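Only one structure is covered here, and it is reproduced in the block below.
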Amino acid sequence: MTALVKLDDLRKYFDLGRGQRVHAVDGISLEIAEGETLGLVGESGSGKSTLGKALLGLHDKSAGTVYYGGQALPQRYKAADFQRLASRMQMIFQDPYSSLNPRMTVGEIIAEGLRGRKLSNSQKQQRVAEWLDRVGLSAGHASRYPHEFSGGQRQRIGIARALIMEPEFVVCDEPISALDVSVQAQVVNLLNNLKQSMGLTMLFIAHDLSMVRYISDRMAVMYLGALVEIGPASDVYFSPKHPYTQVLTASNPEPDPELEKQRASTTIQGEIPSPVNVPTGCRFAGRCPKVMPVCREVTPQLLPLVDEDRLVACHLYQPE
């Protein structure tokens with residue numbers, strides 16, 4: 001399939017002064033095919049959200065290039081770039097409470113992206129009503145304010161705000177992490193249905209590996225600003241290759257409470273290193289149960305496995 005989005009050695013650093021900087025995204029290269037959903041997983045602090053924001057221009061890129069439809073996107077976006085790309089690329093934000101303006105009505109929030117289009121007020125109101133219905137709300141909700149809704153309803157409003165622009169590509173930045181478990185499946189199913197009906201390409205960022213496996217075609221695993229494994233979602237989930245992916249999937253809770261009680265503890269040992277002082281060699285070496293001397297000295301490259309549709313950055317699989 002043709003790649004709609006391509007990242008080439010994308011880097012995003014945050015300068016702290018005195019020669020120090022946070023390596024939030026440190027040399028990411030990947031492709032997202034047209035119509036594909038790529039799931040991006042990893043612990044908090046791995047750089048997942050920063051990657052999504054840098055991809056869409058919400059963060060200036062420190063280095064590297066993002067290609068969309070074969071065209072290189074600007075390193076630093078201007079207002080005209082956001083206006084030009086708004087109808088092609090959108091983002092659904094993580095926190096449905098802080099991402100909606102409390103001073104605006106739901107109708108105003110959803111219609112905000114339509115300002116630059118030559119539509120009458122009645123046409124905008126009609127579009128808003130249609131999208132409220134599509135996300136499981138009603139047209140009567142347009143006159144109400146965000147504080148009058150639950151978290152799940154607010155996230156539906158955020159989805160309508162992004163998709164009313166009819167984009168081709170959507171970054172879902174942990175859209176279910178702030179929601180109750182009972183609501184998460186509803187929102188994921190809504191996103192999946194909208195993806196199918198609109199032919200969307202998606203980058204789905206989340207912590208819940210089982211949910212990512214459910215909605216994604218491929219899964220990419222990120223650790224301390226770098227990718228450690230990429231492959232078909234079910235293969236990565238059920239047959240992880242990188243030691244970090246293995247402990248990450250093992251720590252995913254069982255849906256059956258009785259089985260979860262009986263299972264041995266699989267908590268990842270240690271803390272994720274500081275992104276300011278990135279260790280030499282493999283970034284996971286200090287916490288890896290299979291660490292070797294070479295891991296602390298040489299950084300493994302993200303390379304394809306023989307006879308498998310998988311990329312892994314681990315010395316256990318590197319050619320000699």
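Values in this text are rule-based calculations from the coordinates and carry no lab data. What you see is a predicted model; the values in this text were computed from it and never measured. Positions of Cβ are backbone-derived with ideal geometry, glycine not excepted, and every protein chain shown enters the neighbour counts.
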Phi-derived 3J(HN,Hα) across the range 88-93 with the Karplus relation (6.51, -1.76, 1.60, θ = phi - 60°), rounded Hz, x for Gly and Pro, is 10, 9, 9, 9, 9, 7
Most fluctuating residue given options Ser46, Ser98, Ser87, as computed from a GNM of the chain linking Cα atoms under 10 Å
Ser98
Compute all pairwise cysteine Cβ distances in the chain, then list the cysteines with no distance under 4.7 Å to another cysteine.
Cys172, Cys288, Cys314
Neighbour-count ranking for Phe204, Phe238, Phe169, Phe82 (other C-beta within 10 angstrom, fewest to most) reads Phe238, Phe82, Phe169, Phe204
Could you give log10 I(q)/I(0) at q = 0.13, 0.15, 0.20 Å⁻¹ for the range 31-187, computed by the Debye formula over C-alpha point scatterers of equal weight, without solvent?
-0.66, -0.88, -1.40
Taking the Cα centre of the chain as the origin and placing charges on Cβ (Lys, Arg +1; Asp, Glu -1), which of Leu114, Ala162, Gly47 is farthest toward the positive end of the dipole?
Leu114
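Dipole magnitude of the chain about its Cα centre, charges +1 at Lys/Arg Cβ and -1 at Asp/Glu Cβ only, in debye to the nearest 20? Don't jump to the answer; show the numbers that get you there.
Values: 34 positive and 35 negative charges, 242 e Å.
It works out to roughly 1160 debye.
Using DSSP, restrict attention to beta bridges with both residues in the range 120-229 and report what percent are antiparallel, rounded to the nearest 5.
Working: 3 of 8 bridges.
The answer is about 40 percent antiparallel.
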Over the chain, what relative contact order in percent results from Cα pairs under 8 Å that are six or more residues apart?
19 percent
If amide hydrogens are placed 1.01 Å from N in the peptide plane, which non-local residues have theirs closer than 5 Å to the one on Leu40?
Phe204, Ile205, Ala206, Ala220
Hey, which lysines would be in cross-link range of Lys290, C-alpha to C-alpha under 20 Å, not counting anything within fewer than 8 residues on its own chain?
Lys241
Normalise the Cα radius of gyration of the chain by 2.2 N^0.38 Å (N = residues in it) and let me know the number.
1.04
Starting from the Cα of Lys78, draw a straight line to each of the lysines and keep only those under 30 Å, dropping any in the same chain fewer than 8 residues away.
Lys6, Lys12, Lys48, Lys53, Lys61, Lys118, Lys124, Lys195
Most fluctuating residue of His147, His59, His242 in a GNM of the chain with Cα springs under 10 Å: which is it?
His147
With charges set only on the Cβ (+1 for Lys and Arg, -1 for Asp and Glu), what does the dipole of the range 96-251 come to about its Cα centre, in debye to the nearest 20?
480 debye
Work from the charge dipole of the chain (Cβ charges, +1 for Lys and Arg, -1 for Asp and Glu, about the Cα centre) and give the residue of Val181, Met202, Thr249 farthest towards its positive end.
Met202
Could you list the square roots of 5 times each eigenvalue of the Cα gyration tensor of the range 1-88, that is, the equivalent ellipsoid semi-axes, sorted largest first and rounded to whole Å?
22, 17, 11
With x for Gly and Pro, the residue-by-residue ³J(HN,Hα) of the range 115-132, computed from phi through the Karplus equation 6.51 cos²θ - 1.76 cosθ + 1.60 at θ = phi - 60° and given in whole Hz, is 4, x, 9, 7, 10, 6, 4, 5, 5, 5, 4, 5, 4, 4, 4, 4, 6, 4
Fluctuation leader among Arg161, Arg76, Arg18 - the chain, Gaussian network, Cα springs under 10 angstrom:
Arg18
Per-selection metrics, the range 73-164 (Cα): Rg and Dmax in Å
13.4, 42
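Using only DSSP helix segments of four residues or longer, with each worth -39500 (n - 2.57), what per-residue ellipticity at 222 nm results for the chain after dividing by its residue count and rounding to 500?
Working: 10 runs with 93 residues, N = 320.
Value at 222 nm, helices only: -8500 deg cm²/dmol.
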Among Pro279, Cys295, Ala79, the residue whose Cα sits farthest towards the positive end of the charge dipole of the chain, when +1 is placed on the Cβ of each Lys and Arg and -1 on the Cβ of each Asp and Glu, is Ala79
